[in-house]
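Participant: Below is the structure I would like to discuss, written out as structure tokens.
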Amino acid sequence: MWFSEPKMPTPSTALPGRASAMRVPQRHFVLDTPMEGPFPGMETAMFGMGCFWGAERKFWTLPGVHTTAVGYAAGFTENPTYKEVCSGRTGHNEVVRVVYDPAILPYARLLKTFWENHDPTQGMRQGNDAGTQYRSGIYVSAGQWPEAEATRAAFGEALRKARFPAITTEILDAPPFYFAEEYHQQYLAKNPLGYCGIGGTGVECPSGILGG
């Protein structure tokens, strides 16, 4: 099937957004932990891997995860709405923010979950979900760069051997995170029969990468 790659807007063509932030639930629907910080002793990771409903569920099940949230990042519009993000005029990606205890859960384990649970070779889509908000992305703090890049190289080689195209995953400094609407948070726990388009390639991320 022919597929036209969605185009990112520019800062000058993106929607303007608003100063008011999205209303956030006080507690995580599954973990019963606070949705907003501060989170002393914890670290934060952020990933884009297609529809954020299924992606979030992959992370809240991991031992050592304190809380998760879905939202929008790596675009231009301040405090966007879901409708605006889906229009392709904000530049944002659908992302999962993961707050975790590094004494229990290493960052490399989060990266393994990320790589193995979506197809990072599809550009601006995942399966039938097409749009700038469905791109593969890792949004890192300074200390996370080496592991993110190392796993991208190693998983890219594993995919090449399995005859997949090149990885299209972007790795960027962590941008501002804007919470998605309340109904999106832990959506598949509230709606067990809801849509989940997330799926991996069947290729395993090589073990032993920087302790992963």
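The values are calculated or read from the model by the stated rules, or taken from the named source; none is laboratory data. All values derive from a computational prediction rather than experimental measurement. Glycine gets a Cβ as well: all are built from the backbone with ideal geometry, and neighbour counts include every protein chain shown.
Participant: Report whether or not TYR139 is surrounded by 22 or more Cβ atoms within 10 Å (Cβ to Cβ) and in contact (Cβ under 8 Å) with a residue 40 or more places away in the chain. Break it down stepwise before answering.
Facilitator: Numbers: surrounded by 22 or more Cβ atoms within 10 Å (Cβ to Cβ): yes; in contact (Cβ under 8 Å) with a residue 40 or more places away in the chain: yes.
Answer is yes for this residue.
Participant: May I ask you to say which residue of GLY137, GLY123, GLY143 is assigned to a loop (DSSP other than H, G, I, E, B) and among the small types (Gly, Ala, Ser)? I'd like the intermediate steps shown before the answer.
Facilitator: Details: GLY137 fails: assigned to a loop (DSSP other than H, G, I, E, B); GLY143 fails: assigned to a loop (DSSP other than H, G, I, E, B).
The match here is GLY123.
Participant: Checking the structure you have, find out if any residue of the stretch 119-132 is in contact with a strand residue (DSSP E or B) (Cβ under 8 Å, 6 or more places away or on another chain) and over 19 Å from GLY200 (Cβ atoms).
Facilitator: Within the stretch 119-132, one or more residues are in contact with a strand residue (DSSP E or B) (Cβ under 8 Å, 6 or more places away or on another chain) and over 19 Å from GLY200 (Cβ atoms).
Participant: Mind checking whether some residue in the stretch 159-167 is under 18 Å from ASN117 (Cα atoms), touching a Lys or Arg at 6+ places or on another chain (Cβ under 8 Å) and either in a helix (DSSP H, G or I) or without any contact (Cβ under 8 Å) to a residue 24 or more places away in the chain (or both)?
Facilitator: no
Participant: Determine whether the stretch 5-15 contains at least one residue that is under 23 Å from TYR187 (Cβ atoms), in a loop (DSSP other than H, G, I, E, B) and of a type in the set (Gly, Ala, Ser).
Facilitator: no
Participant: Are any residues in the stretch 15-61 of a type in the set (Ser, Thr, Tyr) and touching a residue at least 24 places away in the same chain (Cβ under 8 Å), and if so, which ones? Let's see the steps before the verdict.
Facilitator: To start, the set of residues in the stretch 15-61 that are of a type in the set (Ser, Thr, Tyr) comprises 20, 33, 44, 61.
Those that are of a type in the set (Ser, Thr, Tyr) and touching a residue at least 24 places away in the same chain (Cβ under 8 Å): SER20, THR33, THR44.
Participant: Out of (1) under 21 Å from ALA74 (Cα atoms); (2) modelled with pLDDT of 95 or more; (3) not in a helix (DSSP H, G or I), the odd one out for ALA103 is which?
Facilitator: Among (1) under 21 Å from ALA74 (Cα atoms); (2) modelled with pLDDT of 95 or more; (3) not in a helix (DSSP H, G or I), the lone unmet condition for ALA103 is (1).
Participant: Let me ask something else about it. Have a look at THR90, THR68 and point out the one that is assigned to a loop (DSSP other than H, G, I, E, B), among the hydroxyl-bearing types (Ser, Thr, Tyr) and crowded, with 20+ Cβ neighbours inside 10 Å.
Facilitator: Working: THR68 fails: assigned to a loop (DSSP other than H, G, I, E, B).
Exactly one of THR90, THR68 is assigned to a loop (DSSP other than H, G, I, E, B), among the hydroxyl-bearing types (Ser, Thr, Tyr) and crowded, with 20+ Cβ neighbours inside 10 Å, namely THR90.
Participant: Another question about this same structure. Give the number of residues within the stretch 179-203 that are in a loop (DSSP other than H, G, I, E, B) and either at pLDDT 95 or above or in contact with a His (Cβ under 8 Å, 6 or more places away or on another chain) (or both).
Facilitator: Of the residues in that region, 11 qualify.
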